[in-house]
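The values are calculated or read from the model by the stated rules, or taken from the named source; none is laboratory data. For clarity, every value in this text was computed on a predicted model and none was experimentally measured. No Cβ is skipped: glycine too gets one built from the backbone with ideal geometry, and neighbour counts run over all protein chains shown. Each accessible area value is taken on the protein alone, full model and side chains, heavy atoms only, with ligands, DNA and RNA left out. Shrake-Rupley method; radii C 1.70, N 1.55, O 1.52, S 1.80 Å.
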Number of protein chains: 4
Amino acid sequence: MSEGSTDGTPKSKKPTYSFHGNERLTALSDGIFAITITLLVLEIKVPEIAENLVATELPRELMDLVPKIFSHFISFIVLGIYWIAHHNIFMHIKRHNHVMLWLNNLFMMCIASVPFPTALISQYPNQQISLVAYSGTLVVTGVVLNLIWWYAITHRLVDEETTDKAFIAFVYFYNRIGPLLYLLSIGVSFFSIAIAKFVIVVVAVIYIVPNPLYRQHYKQLARRFNQ
Amino acid sequence: MSEGSTDGTPKSKKPTYSFHGNERLTALSDGIFAITITLLVLEIKVPEIAENLVATELPRELMDLVPKIFSHFISFIVLGIYWIAHHNIFMHIKRHNHVMLWLNNLFMMCIASVPFPTALISQYPNQQISLVAYSGTLVVTGVVLNLIWWYAITHRLVDEETTDKAFIAFVYFYNRIGPLLYLLSIGVSFFSIAIAKFVIVVVAVIYIVPNPLYRQHYKQLARRFNQ
Amino acid sequence: MSEGSTDGTPKSKKPTYSFHGNERLTALSDGIFAITITLLVLEIKVPEIAENLVATELPRELMDLVPKIFSHFISFIVLGIYWIAHHNIFMHIKRHNHVMLWLNNLFMMCIASVPFPTALISQYPNQQISLVAYSGTLVVTGVVLNLIWWYAITHRLVDEETTDKAFIAFVYFYNRIGPLLYLLSIGVSFFSIAIAKFVIVVVAVIYIVPNPLYRQHYKQLARRFNQ
Amino acid sequence: MSEGSTDGTPKSKKPTYSFHGNERLTALSDGIFAITITLLVLEIKVPEIAENLVATELPRELMDLVPKIFSHFISFIVLGIYWIAHHNIFMHIKRHNHVMLWLNNLFMMCIASVPFPTALISQYPNQQISLVAYSGTLVVTGVVLNLIWWYAITHRLVDEETTDKAFIAFVYFYNRIGPLLYLLSIGVSFFSIAIAKFVIVVVAVIYIVPNPLYRQHYKQLARRFNQ
């Protein structure tokens, strides 16, 4: 539409061939998110106990599942964070081209990978390699998310009427908090795995609890959609 | 749109930043419901029998599956009840904000959790802890569903033209029957697990069989959508 | 809309409270179909062979999978038949009410059940009980499909402008061929399991190969949608 | 609509009965793609290690997963290639009939089959039969994709205003590169399995890296959609 309008957004050097409509891209993405989230939760299995020991052993065995349930719960929140981030940036990205389809495919592969390091960290919770794999996967996922936003901005795939420079910068800032803290947790893991895990929990809290950051984010979005 | 109109709905104190359009929220939710329902049914496995015993053992082994099939059937109905409830309230909720996305995520985690207590109760049917886990999961699910409705009403995320005070109260009443009866079944389980299970079956029946309650519910909805 | 128009469709006695829009109903259904189809195919597992025997044993072990692959292929076609039938009748059903939601839930439970009798018949191919379970599941699925159509017609949930008496009768006839032949295969199984299986294959062929029946069916649909 | 317009597209001999709207066809397809992609990634399992050996064995065991992860990564790209191809041709295919529904079902069965030969080639990487199964599946998938395009063109299921003869020929050419190279890899496997695998990796690279071929493809699409 307003292919020629360039106010407030960076220019792309060469003409871009792109298409309106991301319905199937978001449908595929929602499908992959839904399956990954569901299977993550389904991985918690009922303990097998010999019949004569059930009454005495079952409560204790269920209690033993709590650490595993907790690590899956954290991964569930992580997937929720990335789903909301994907949902929010695709409220602005209105077009796609070949590269965008592959960047989104790459992001989806990262999302579908999350159950693996989750299983690793819940099975081998005290190994540094588990934590590096877990945080490493989330760093890569966050980097790809930022790549999608960067590519959309620089190749004019966003709705130019709902994104100004301040807003673009805000989204960059906001979506980099997670990956940077996950990177920090990798560094910290060389000294203390417990503190590294604590950092991961902090990220979950930051992105859920409403705070000034969020209000700013939503105010920006609302200003554009709720006029 | 009619942001200023306040007739018949409670006011929210501070301005709310929210967005029109729940397509991806409902797409993710339908995906999670679909996977959970399908995997619940798929958990019924064909018994393994030695080749020379197949002719004599297979019918009996299949009969042994009946209690398990029954408990999965009840969970299937429970998921159907919650899907219909989610479907019905999101016929009125037309906007979302950050908190609504997380409330819905939380609801979806509850939904994806249902197969776990279902497996527990079908594997250890006579343990009180199985029943408490099962009913407890469904109480929490129901509470979150009511939280979604409460939050939508108090933060003006509903279509104000299709919801009046009587209707809002009706939905509250209607969606609280399930969780309250599940809570009752937990209490009852201290005296009789069989009666507690019977209460769970009663809930399934109440929400399926058309009754005056339902007609009232649908009459309310129809009055608004079928003018 | 044209609630008062009754030409060519049966009347419902009491006023019906129903809603326009089946988007989420079909989204949930497509999700369940997609998962069931995919998991059906995924159940074919790579054989485990000791390393020193791989070169000689692998080709033979893969050949041994052929009967299993064939039975899953037939179930894949069966699911395709029912998906197309569901897709086709919901081109006409434009409204839903409480009962329709539950009828569709029931249909979806039947669909999600198909992998179980498929596994049964591929594991115990010569037991009559396997064939009865397989055809029995498909009979029930077909009956529920016909119930959905009957309910939609008698409760005015269809688009009255695209369905006349001849068309309604045609859909009834067309969607009863499958269940009736599956019922026949159960009867035949008392005399010959091989012939009973042949009947099941015949149903698959009937619904795929274009024939006068199909042309009539699609001519009817096209007359209404392609004017 | 422009049923009579025949400029630039082949004629179909007899009148075709077909319907506008492929929403459910693409919804089912996206669902099957999403599940297949996710389960492909989920098949990478955390190694089981005795507790006293974890610290020393875990890094090595994770390294041993690399070849498996690589083969799954290639299959992930293959599924991405086919999803994008399906997405792109269904930007032009606007109608369907009975045969198109079954061709798409067949394509979806091929897609859902991909994890099987992937598991085969990652478990028995040096057997020629693994490579033949892998490339063979992808040849068949590619042939069915081309059949869908051919059928849509010859039966006027495409949007005639966005497809001219040059564009149709281009899509044929473009979507045949993959299947032809996979066929080549089968031939090559009789001499060298390593080179045959290399050919498969080359296909992945060809379809991802932007090149003159791609630019031409997208320029064609853009000319039609971005006027």
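Checked against a 18 Å cut-off, the cross-linked pairs A:94/C:94; C:45/C:68; A:68/B:197; C:45/D:45 give Cα-Cα distances beyond that limit for A:94/C:94; A:68/B:197.
Between the helical axis of B:212-225 and the longest alpha-carbon principal axis of chain B there is an angle of about 40 degrees. Of B:88, B:22, B:52, the residue with the greatest mean-square motion in the GNM of chain B, using alpha carbon springs below 10 Å, is B:52. Springs between Cα atoms under 10 Å define the GNM used for chain A, and in it the highest mean-square fluctuation of A:194, A:55, A:119 occurs at A:55.
Nearest 100 Å² is fine: what is the total accessible surface buried where chains D and B meet, probe 1.4 Å? Mind showing how you got there, number by number?
Working: alone 12960 and 12950 Å², together 25900 Å².
For D against B, buried area totals roughly 0 Å².
Placing +1 on each Lys and Arg Cβ and -1 on each Asp and Glu Cβ, with no other charges, gives segment D:51-142 a dipole about its Cα centre of roughly 580 debye. The value of relative contact order for chain C, using C-alpha pairs under 8 Å at least six residues apart, is 26 percent.
For chain C, the normalised intensity computed at q = 0.14, 0.18 Å⁻¹ comes to -0.93, -1.32 (log10 of I(q)/I(0), Debye sum over alpha carbons, equal scatterers, no solvent).
What is the average number of partner chain Cβ atoms found within 10 Å of a Cβ in C:21-27?
6
Remark: segment D:94-103, residue by residue, has Karplus-estimated 3J(HN,Hα) of 10, 10, 9, 9, 4, 5, 4, 4, 6, 4 Hz, where x stands for each Gly or Pro and the curve is 6.51 cos²θ - 1.76 cosθ + 1.60 at θ = phi - 60°. Given axes a ≥ b ≥ c from the Cα gyration tensor, I'd like to know whether segment D:143-216 is rounded (a/c under 1.5), prolate (a/b larger than b/c) or oblate. Judged from the Cα gyration tensor, segment D:143-216 comes out oblate (a/c at least 1.5, b/c at or above a/b). The H on the amide N of residue A:22, modeled in the peptide plane, is under 5 Å from the matching H of no residue at least 5 residues off or on a different chain. In this label model, residue B:173 and residue D:73 are separated by 6.1 nm, measuring between points 7 Å along each Cα→Cβ vector. Computed from backbone phi with θ = phi - 60° and the Karplus coefficients 6.51, -1.76 and 1.60, the 3J(HN,Hα) list for segment D:148-160 is 4, 5, 4, 5, 4, 5, 6, 10, 6, 8, 8, 6, 5 Hz; x is used for glycine and proline.
Exposure check, 1.4 Å probe, all protein chains in place: residue B:46 carries approximately 20 Å² of accessible surface.
Phi angles of segment A:68-84 translate, via the Karplus equation with coefficients 6.51, -1.76, 1.60 and θ = phi - 60°, into HN-Hα couplings of 4, 4, 5, 5, 5, 5, 4, 5, 4, 5, 4, 5, x, 4, 6, 5, 5 Hz per residue; Gly and Pro are given as x. Take residue B:150, move 7 Å from Cα toward the beta carbon, and the resulting point lies 4.4, 4.4, 6.3 nm from the same point in each other copy, nearest first.
Could you work out [θ]222 nm for chain D from helices alone, using -39500 (n - 2.57) per DSSP H run of at least four and dividing by all its residues? Round to the nearest 500 deg cm²/dmol. Write down the numbers at each step before the final one.
On the way: 9 runs with 162 residues, N = 227.
Mean residue ellipticity, 222 nm, calculated: -24000 deg cm²/dmol.
Counting Lys and Arg as +1 and Asp and Glu as -1 over every other residue whose Cβ lies under 14 Å from the Cβ of residue B:96, the net charge comes to +2. Within the listed set A:195, A:121, A:111, the Gaussian network model of chain A (springs between alpha-carbon atoms below 10 Å) gives the highest mean-square fluctuation for A:195. Considering only B:38, B:107, B:132, and ranking their Cα positions along the charge dipole of chain B that arises from unit charges at the beta-carbon of Lys, Arg, Asp and Glu, the one farthest toward the positive end is B:107.
So, counting K/R as plus one and D/E as minus one, what does the shell of residues with Cβ under 14 Å around residue B:203 add up to? Intermediate values should be presented prior to the final figure.
Details: positive: B:176, B:197; negative: none.
Once positives and negatives cancel, what remains is +2.
The residue C:180 and residue A:195 beta-carbon pair, evaluated with R₀ = 60 Å, returns a calculated FRET efficiency of approximately 0.30.
Round to a whole number: what % of the accessible area of chain A belongs to carbon and sulfur, probe 1.4 Å? For chain A, the apolar C and S fraction of the accessible surface comes to 66 percent. Remark on residue A:158: its backbone amide H falls under 5 Å from those of A:94, a criterion applied only to residues 5 or more positions apart or on other chains, H modelled at 1.01 Å from N.
Could you work out, residue by residue across B:38-50, how many beta carbons of other chains sit within 10 Å of that residue's beta carbon, and then give the average as an integer? Walk me through the numbers on the way to the answer.
Working: counts 16, 7, 3, 12, 11, 2, 4, 2, 12, 3, 1, 3, 0.
Partner-chain Cβ atoms within 10 Å, mean over residues of B:38-50: 6.
Net charge near residue A:24, counting Lys/Arg +1 and Asp/Glu -1 over other residues with Cβ under 12 Å of its Cβ? Value of the local net charge: -4. Taking every residue in D:104-113 and counting other chain Cβ atoms within 10 Å of its Cβ, the average works out to 5.
From the Cα gyration tensor of segment D:44-125, with a ≥ b ≥ c the square roots of its eigenvalues, which class applies: rounded if a/c is under 1.5, or else prolate if a/b is larger than b/c, or else oblate? Note, shape of segment D:44-125 comes out prolate.
Here segment A:125-182 and segment D:56-103 have alpha carbon centers that stand 24 Å from each other. Is the C-alpha gyration tensor of the protein assembly as shown telling us rounded, prolate or oblate? Criteria: a/c under 1.5 is rounded; beyond that, a/b larger than b/c is prolate, otherwise oblate. Rounded is the answer for the protein assembly as shown, as its axis ratio a/c remains below 1.5.
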